[in-house]
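The values are calculated or read from the model by the stated rules, or taken from the named source; none is laboratory data. Predicted model, so just to flag it, every value in this text is computed and none were measured. Positions of Cβ are backbone-derived with ideal geometry, glycine not excepted, and every protein chain shown enters the neighbour counts. Side chains are part of the model used for accessible areas, which takes the heavy atoms of the whole protein and leaves out ligands, DNA and RNA. Shrake-Rupley method; radii C 1.70, N 1.55, O 1.52, S 1.80 Å.
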Amino acid sequence: MPEPSPAPASPAEGLARLRAGFRDGKAALLGAFLRSPPTAVAAQRLVRGLSRHVDTTLRSLLALSPLPEGAALVAVGGYGRGELFPHSDVDVLVLLPPQASTDGLGDFITACWDIGLEIGSSVRTIEDCVAEAQRDITVQTSLVESRPVAGPRRLYERMMADTRAVLDPRAFLRAKLLEMQQRHVKYQKTPYSLEPNCKESPGGLRDLQVPAWVARAAGFGKSWSELAASGLLTPFEVAQLRRHEGTLKLIRARLHAVAGRREDRLVFDLQTAVAESCGYTATRTQRASEVLMHRYYWAAKAVTQLNQILLLNMEERIAGSADAPMRRINERFFDRGGMLEVARDDLYLQEPHAILETFLLRERTPGIQGLSARTLRALYNARGRMNGEFRHDPANRRMFMRILRQRSGVTRALRLMNETSVLGRYLWVFRRIVGRMQHDLFHVYTVDQHILMVLRNVRRFFIPEHAHEYPFCSQLASQWDDPALLCIAALYHDVAKGRGGDHSDLGAREVRRFCQDHGVAREGTALVEFLVQHHLTMSRIAQKEDLSDPEVIARFARLVGNERRLTALYLLTVADIRGTSPKVWNAWKGKLLEDLYRHTLRALGGARPHLEADIEARKLEARNLLALHSALPGTEEPLWKSLDLSYFARHDAAELAWHARALWRHLKTAAPVVQARVSSAGEGLQVLVYSPDRPDLFARICGYFDSAGFSIQDARIHTTRAGYALDTFQVVSAVHAPSSPADYRDLISLVETQAVQALSSTGPLPEPARSRVSRRVKYFPVVPRVALNPDERAQRWILSVSASDRAGLLYAISRVLARHAVNLQLAKVSTLGERVEDTFLVDGPALQQTRLQLQIETELLDAVA
């Protein structure tokens, strides 16, 4: 680092030299950091060095642009702690004596910016500091970790004494806890965000600063070592705090250096570069960025635990509740004001069976809201006891099954076990997926968080208070005899992710071993193994195959074999989809799954698929519905006589009646007819299009829906014997969000008017718009795939398209099909977050020629790329 320059001939020249010196000194420190091995020591050396460099620069600047006489310059915030990251702000307080002039302060602040210091400044007297500290917790916080940089030290010390005199440690603690809770809510209350903020997210650096602030405010100490001397931390905890704090500082420093700006979010765009900068390399099963994030999540999880232990300890010390009376639960545990307290510090070391008993008592004991600091510390320090012998102990296995079989509190218990690292140490296979990212476009949680979310969803099916969320699932669950089996399936359905190979098959083997070890009956073991192995099957069939095809239903019925397996698979599938991301589930997917369940249940009941009989029953029900709407007898006949069996197989009675009522006057119309209604799924619209058929009709419909902000979820395409297209679409809107019947009426009127205008156009199809893709799509690119395969009867073709989602994608596909006169009979559009997997049932002369098939597939790949 260069020495301060000698006094220059002019202030301008002095500022220029100071600017160059500050820039060169910062570059030298950052260069040395980037050249050194990526260690916590190097990161600490950098942040301390940058802080000292700013100290030196500011003192030199004061010689050129002095403060008012008697004023002191005080470092606050991170600069006050003596830690500056490469692009952190430099926060200072100009402390004035009473009645001091402020002349020259503006020149000083301007000079700071002129030499490259990104300064954040405040100007106060001692009286101002005291008054604002009483009103504003942020001012209190900045002052408790302040330090003098220049000026009269006595002025600074008097300010600190006066502000400490008005600081109430209990009120300060309460305010910082509320502030922390609010911050955690902002970041979804989890350290496992896929793009975490390494400073502000739960488990980030801020969660280490909060207990440090409280400790300073209460006079417990200014360092982890001093807190240990005060009895608030153990030497082991101090070592763990330093280790994980070092990891977070290293990641943040490298993140600033890679980004070239103040950036505290580990966004997808930067994760790979930061990982490589930190020295992480790809393995056989993980990218370098996944290795980095896995390491970050482990550090953040440990920080979360240590933060909780330390704050609870300080809360007891400050509130004086350490000596509060306790209610005895048994010889090992007490109830201390609603917190579960161990009877002695070495309980888990001496009696390891008590570890799992902790979580059973958390479920079963009324009034227990959580674990005390003493209990959390005892668990943290007993992690070494949770070894192979612990995992194989029959008593522990019985205890774990008791936890799973409780009537309530299972989700809370297992989440608490994961937060305290007990779950991963008891289920060693679970430990492998703690903090593991899922590099796809629809999971928004790490694997362990997704699994616990799915388990929560399963448990909710059995809780009456949640029956309104999934009424059909709750109805099925009320008749289920052993919820623990579904909990086991939820725990293991994705537990083998990231190993390579099929995670469903690997997970099935793991869960079979678990069931055998934990005394699950043979029939239950077989069921759970089946659920894990086929947990993706029901979703795939419902969203990709033609549920009106009896053979599809018969084949699925043969796979599940009986009603018990079908019900369990349905419940797990709904819970799984709901647990991937709030954006993935919608009412239409729910309807598809429920339809598949009901069709299969009927097949399992011995009812052989008999298409003609089913259609006649459907027609009879539709005629009854028409009569209820005062339709004349025979209203439906002209339309129905023009359609083949596939039309009746793909629509239910309500849809048949709706079509008949809407079209009986328009069967020979030359103009398009568009009718819309609120979807029977309860979300979005069903839109009926009836028009003289033409090759580009489906493409024009897709073009309209795309331009109007609608997403097509399902399309059923039919052509009458008179040459008319009769198409029904299930659509949802990302632009329009109706909240009342009046809103729906307006939206329906808008669609019916605009769609007719769009379909009446005769000009060439417009080029699809090239929309921007999201950052997630950029970072998790989906290799576009197109496959054309004949169906099982070799009469039609199944076109499968997989690609990253974007606006206009379906329109681009439909233009290619229209160009080659490929007829579309059925479209099933499955959107998984930002990935689409669309399935189309098509036919046409072009598909009979290999050369044209290849050309169509090539053009489709170009269209979706």
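Taking the residues in the stretch 277-313 that are in contact with a helix residue (DSSP H, G or I) (Cβ under 6 Å, 6 or more places away or on another chain) and farther than 25 Å from Met417 by Cβ as candidates, determine which candidate is most open to solvent (accessible area, probe 1.4 Å). In this case the residue turns out to be Thr281. Considering Phe390, Phe400, the condition of being within 25 Å of Val454 (Cβ to Cβ) and aromatic (Phe, Trp, Tyr) is satisfied by Phe400 alone. Answer yes or no as to whether Tyr724 is in contact with a Ser or Thr (Cβ under 8 Å, 6 or more places away or on another chain), open to solvent by less than 10 Å² (accessible area, probe 1.4 Å) and aromatic (Phe, Trp, Tyr). No, not satisfied.
When Val735 is tested against (1) open to solvent by less than 30 Å² (accessible area, probe 1.4 Å); (2) at pLDDT below 75, exactly one condition is not met: (1). Contact map, the stretch 497-517: first residue in a loop (DSSP other than H, G, I, E, B), second residue β-branched (Val, Ile, Thr) and open to solvent by less than 30 Å² (accessible area, probe 1.4 Å), Cβ cut-off under 8 Å, separation 6 or more or different chains; pairs are Lys497/Ile433; Lys497/Val447; Gly498/Ile433; Gly498/Val447. The residue of the stretch 178-203 that is farthest from Asp264 (Cα to Cα), among those that are open to solvent by less than 40 Å² (accessible area, probe 1.4 Å) and not in a loop (DSSP other than H, G, I, E, B), is Met180.
One line per residue, one yes/no per condition, for (1) in a helix (DSSP H, G or I); (2) farther than 18 Å from Lys189 by Cα; (3) polar (S, T, N, Q); (4) touching a residue at least 60 places away in the same chain (Cβ under 8 Å):
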site: Val258; (1), (2), (3), (4): yes, yes, no, no
site: Tyr280; (1), (2), (3), (4): no, yes, no, no
site: Gln286; (1), (2), (3), (4): no, yes, yes, yes
site: Met293; (1), (2), (3), (4): yes, no, no, yes
site: Met314; (1), (2), (3), (4): yes, yes, no, yes
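Test Arg344 against the criterion of being among the basic types (Lys, Arg) and touching a residue at least 60 places away in the same chain (Cβ under 8 Å), and give yes or no. Answer is no for this residue.
Here Val274 passes the criteria (1) open to solvent by 10 Å² or more (accessible area, probe 1.4 Å); (2) touching a Leu at 6+ places or on another chain (Cβ under 8 Å) except the one numbered (1). Residues that are open to solvent by 20 Å² or more (accessible area, probe 1.4 Å) and either closer than 28 Å to Glu263 by Cβ or touching a Phe, Trp or Tyr at 6+ places or on another chain (Cβ under 9 Å) (or both) within the stretch 218-230 comprise Ala218, Trp224, Glu226, Ser230, listed in sequence order. Scan the stretch 433-449 for residues that are open to solvent by 10 Å² or more (accessible area, probe 1.4 Å) and either modelled with pLDDT of 90 or more or not in a loop (DSSP other than H, G, I, E, B) (or both) and jot them down. Within the stretch 433-449, Gln449 is the sole residue that qualifies. For the stretch 36-49, the candidate set comprises residues that are open to solvent by 10 Å² or more (accessible area, probe 1.4 Å) and of a type outside the set (D, E, K, R); within that set, the residue that is nearest to Leu248 (Cα to Cα) is Ala40.
A single member of Arg383, Arg397, Arg328, Arg374 is more than 30 Å from Ala273 (Cα to Cα), open to solvent by 10 Å² or more (accessible area, probe 1.4 Å) and modelled with pLDDT of 95 or more, and it is Arg397. Being open to solvent by 60 Å² or more (accessible area, probe 1.4 Å), within 29 Å of Val560 (Cβ to Cβ), touching a helix residue (DSSP H, G or I) at 6+ places or on another chain (Cβ under 9 Å) and part of a loop (DSSP other than H, G, I, E, B): is that true of Glu612 here? So Glu612 fails the test.
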